[in-house]
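The values are calculated or read from the model by the stated rules, or taken from the named source; none is laboratory data. Since this is a predicted model, take the numbers as computed values, not measurements. Ideal geometry is used to build each Cβ from the backbone, glycine not excepted, and the neighbour counts take in all protein chains shown. Calculation scope for accessible area: heavy atoms of the full protein, side chains included, ligands and nucleic acids excluded. Shrake-Rupley method; radii C 1.70, N 1.55, O 1.52, S 1.80 Å.
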Amino acid sequence: MCGIVGYLGKNNSKEIILNGLKELEYRGYDSAGITILQNDFVNYRAVGKLSNLVEKMDSFNVSGFSAGIGHTRWATHGKPTEENAHPHQGAFTHIVHNGIIENYAELKKNLIGKGYKFSSQTDTEVIVHLFEENLKISNSNYEAFQKTIEQLHGAYALLLITKNENEKIYFAKEGSPLILGSNENGEQFFASSDSALIGIVEKVIYLHDGHFGFVENGKIFLQNASGEIPQNFSALPKSRETAQKNSFRYFMEKEIYEQSVVVSDTLMGRVLDNSINFDEVDKTLFDGINEIKLCACGTSYHTALASSYLFERIAKVRVSVEFGSEFRYRDPLLTKDTLFVSISQSGETADTLASLKMAKKSGLKTLAICNVDNSSIVRISDQAILTRAGIEKGVASTKAFATQMVVLQMLSIYLGQIRGNISETEIKKEIQTLREIPQTLTVTSKLHEKIKRLSKRYLHGHGFFFVGRDIFYPLALEGALKLKEISYLHAEGYPAGEMKHGPIALADPELFTIALLPQNMLYEKTKSNIEELGARDSTICVISPKPFELADDFVRTSSHNHYMLEFFEMMLVVQLLSMEVAIRLQNDVDMPRNLAKSVTVE
């Protein structure tokens with residue numbers, strides 16, 4: 001998840017690009033860079049937040065006509081280093097790129113064989129050298145550019161500038177967002193989100209997959225594979241907040257919808273054809289490890305609990321799960337064959353941070369699963385895996401849960417892979433499942449409308465039971481937490497099999513049961529537990545791919561061949577249901593009472 005800004009015109013390109021990148025920094029902040037082209041290239045790159053780049057460029061000034069491209073990065077291929085930061089450079093070409101080039105390894109090998117030298121670990125650098133190679137057999141820069149994008153497989157939004165045409169910017173889009181704006185002064189602007197262009201231009205072209213072309217001297221040339229196409233401009237939103245919300249009612253709603261995109265970012269560069277790859281993790285971290293201890297709070301605790309099923313099932317390693325707020329005040333038995341994994345969206349969660357310090361003091365190896373690079377938990381841990389969720393403005397976590405869950409799912413496969421506890425056939429099956437998650441997380445209008453209608457039935461009563469079995473029990477806990485956080489209605493998550501051991505005493509028509517009933521995980525067992533509640537007159541909403549005759553309400557999910565795909569689709573349903581109930585109760589969904597986004601106190 002990265003941010004792109006481009007500019008062609010006579011005004012201060014440095015300030016225009018930096019201001020645009022500030023609006024996009026939430027999309028990535030482990031490195032940033034800018035190239036300005038007048039007669040020659042001026043390039044600045046810096047690791048860490050955008051402020052580091054701003055400071056580095058303080059003494060640089062630009063005046064007159066120039067072409068400029070800028071980028072703020074979440075690392076996919078290659079660690080967050082200055083060498084891996086964009087823009088990437090060839091002999092006479094610079095480029096910025098969002099997305100992933102799936103065939104980069106094959107292209108790189110071929111280019112190295114032709115004498116090209118690579119200075120980074122990224123897939124992006126391939127594009128620069130490929131363009132310059134194609135130029136040797138092309139009649140023009142544009143022909144070489146067209147040949148280059150024809151050879152790329154994967155997702156990309158890219159801007160390219162080249163020294164021998166210093167008043168042009170080439171662009172292409174496939175599977176990653178890119179917007180082109182123009183004003184009356186003949187200036188042209190690019191960005192990967194419209195929030196970077198508000199107040200600068202009034203109308204933009206939202207480029208579609210397969211669009212490519214160039215801009216020069218106030219002119220735009222736009223085409224697809226069939227030839228030149230019309231330039232359809234759209235009005236920009238009037239305020240940045242509207243743009244950031246993309247016309248959604250709440251940031252939480254937007255973040256539920258964008259889970260499909262951010263999970264794709266989480267997977268990028270890590271899911272290969274036959275294996276899981278974490279460039280940021282040294283395999284020796286797992287040497288001598290016989291137990292994993294997962295530590296977290298709130299929503300992150302639920303991802304820890306859910307992933308514990310995967311680590312034991314797939315990686316065949318013993319797992320324990322700890323609340324940070326409890327662990328820090330215990331006198332736990334810690335042995336050095338235990339890997340301590342801290343999970344936090346912000347990386348500043350006080351209880352989790354204190355628990356991590358205890359583990360470090362006891363000599364345990366430590367790993368952070370976090371969304372924020374350079375946060376306290378990331379800095380203190382031996383190693384870290386970033387979730388790449390981007391900024392989450394809604395206090396009640398949604399995409400943080402999804403991306404943490406995907407990282408931990410990948411990590412369980414990775415650990416099983418390096419320990420030899422999973423067969424090649426099983427790895428391929430799990431990898432195929434991972435590849436299908438983004439599509440599974442797409443919110444359809446049919447599903448959302450169904451839940452909107454359904455929500456009006458669940459505004460009263462004396463409480464909710466969210467029930468599920470196996471990995472769907474932690475999902476039930478998370479569903480109950482979401483409802484509590486934003487609707488202020490009492491809700492509890494339970495293992496479905498525990499109902500008969502006490503909680504079923506509360507069952508009556510005013511007790512609402514939200515039942516998670518997957519077809520690929522203990523279907524008949526869970527079905528029997530739900531029937532027990534129905535026999536005691538609880539009002540039951542069943543979420544399942546299979547019809548349930550005794551349900552008062554039924555939300556049909558897709559018929560998947562893997563329980564994790566069912567997990568993520570049911571996650572969408574409980575998130576949407578909680579949000580729609582809260583909206584009907586006229587609550588502030590983004591900023592629920594008594595809560596804060598990052599809990600930095602005990």
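Magnitude of the Cβ-charge dipole of the stretch 1-151, K/R +1 and D/E -1, about the Cα centre, nearest 20 debye?
It comes to approximately 100 debye.
Compare the Cα positions of 491, 458, 363 along the charge dipole of the chain (+1 at Cβ of Lys, Arg; -1 at Cβ of Asp, Glu; about the Cα centre) and return the one farthest towards the positive end.
363
Label residue 336 and residue 235 with points 7 Å out from Cα along Cα→Cβ: what is the distance between them in nm?
For residue 336 paired with residue 235, the spin-label model returns 6.8 nm.
Where a Cα-Cα gap under 23 Å defines reach, which lysines qualify for residue 136, not counting those fewer than 8 residues away within the same chain?
By straight Cα distance, residue 136 reaches 108, 109, 114, 117, 147, 163, 168.
Only bridges whose two residues both fall in the chain count here: according to DSSP, what percent of them are antiparallel, nearest 5?
Beta bridges within the chain, antiparallel portion: roughly 60 percent.
Which distance in Å, rounded to a whole number, links the C-alpha centroids of the stretch 58-122 and the stretch 348-364?
37
How much mean residue ellipticity at 222 nm does the chain get from its helices, if each DSSP H run of length 4 or more adds -39500 (n - 2.57) and you divide by all residues, to the nearest 500 deg cm²/dmol?
Theoretical 222 nm ellipticity from helices: -10500 deg cm²/dmol.
Can you give the charge dipole size of the stretch 311-423 about its Cα centre, rounded to the nearest 20 debye, using +1 on the beta carbon of Lys and Arg and -1 on the beta carbon of Asp and Glu?
With Lys and Arg at +1 and Asp and Glu at -1, about 240 debye.
Carbon and sulfur: what percent of the stretch 471-543's accessible surface (1.4 Å probe)?
51
Determine Rg/Rh for the chain; Rg is computed over alpha-carbon atoms and Rh is the Kirkwood hydrodynamic estimate from the same atoms.
0.99
Give the calculated FRET efficiency between residue 283 and residue 537 to the nearest 0.05, with a Förster radius of 56 Å applied to their Cβ-Cβ distance.
The computed FRET efficiency comes out at 0.55.
Would you kindly state how much longer the chain becomes between residue 81 and residue 439 on full extension, computed as 0.36 nm times their sequence separation minus their alpha carbon distance, in nm to one decimal?
125.7 nm
Consider a paramagnetic label point 7 Å from the Cα of residue 91 along Cα→Cβ; state which residues of the stretch 152-184 have an amide N under 16 Å from it.
Output list for this probe position: 162-165.
Lysine pairs in the stretch 426-507 with alpha-carbon atoms under 19 Å apart, 8 or more places apart or on different chains: how many are there?
The number of close lysine pairs in the stretch 426-507 is 6.
First compute the accessible area of the stretch 200-336 with a 1.4 Å probe, then give the percent of it belonging to carbon and sulfur atoms.
47
Return the distance in nm (one decimal) between the two label points of a simple spin-label model at residue 584 and residue 25, each offset 7 Å from Cα along Cα→Cβ.
Between residue 584 and residue 25, the simple spin-label model gives 4.1 nm.
What is the stretch 441-493 by shape, rounded, prolate or oblate, if you read a ≥ b ≥ c off the alpha carbon gyration tensor as root eigenvalues and call it rounded for a/c under 1.5, prolate for a/b larger than b/c, and oblate otherwise?
oblate
Test of understanding: express the Cα radius of gyration of the stretch 93-194 as a ratio to 2.2 N^0.38 Å, with N the residue count.
Working it through for the stretch 93-194, the quotient is 1.10.
Quick one: dipole size for the stretch 1-64, taken about the Cα centre, charges +1 on Lys/Arg Cβ and -1 on Asp/Glu Cβ, in debye to the nearest 20.
60
Would you kindly state how much longer the chain becomes between residue 185 and residue 559 on full extension, computed as 0.36 nm times their sequence separation minus their alpha carbon distance, in nm to one decimal?
129.2 nm
Which is farthest toward the positive dipole end of the chain among 19, 468, 519, measuring Cα position about the Cα centre, with Cβ charges +1 (Lys, Arg) and -1 (Asp, Glu)?
468
Return one whole number: the accessible area per residue of the chain in Å², for a 1.4 Å probe.
Averaged over the residues of the chain, the accessible area is 39 Å².
Which of the helices in the chain meet the span-like rule: DSSP H, Cα axial reach of 30 Å or more, Kyte-Doolittle mean at least 0.0?
Sorted by number, the helices that extend far enough and score high enough are 563-584.
Cross-link partners among aspartates and glutamates for residue 399, C-alpha distance below 16 Å, same-chain residues fewer than 8 apart left out?
253, 255, 258, 265, 478, 485, 569, 590
When the accessible area of the stretch 94-142 is split by element with a 1.4 Å probe, what percent falls to carbon and sulfur?
In the stretch 94-142, the share of accessible area belonging to carbon and sulfur is 49 percent.
So which aspartates and glutamates pass the test for residue 360, namely a Cα distance under 14 Å, with those fewer than 8 places away in the same chain ruled out?
337, 382
How far apart, in nm, are the 7 Å Cα→Cβ label points at residue 500 and residue 519?
Computed distance between label sites residue 500 and residue 519 equals 2.7 nm.
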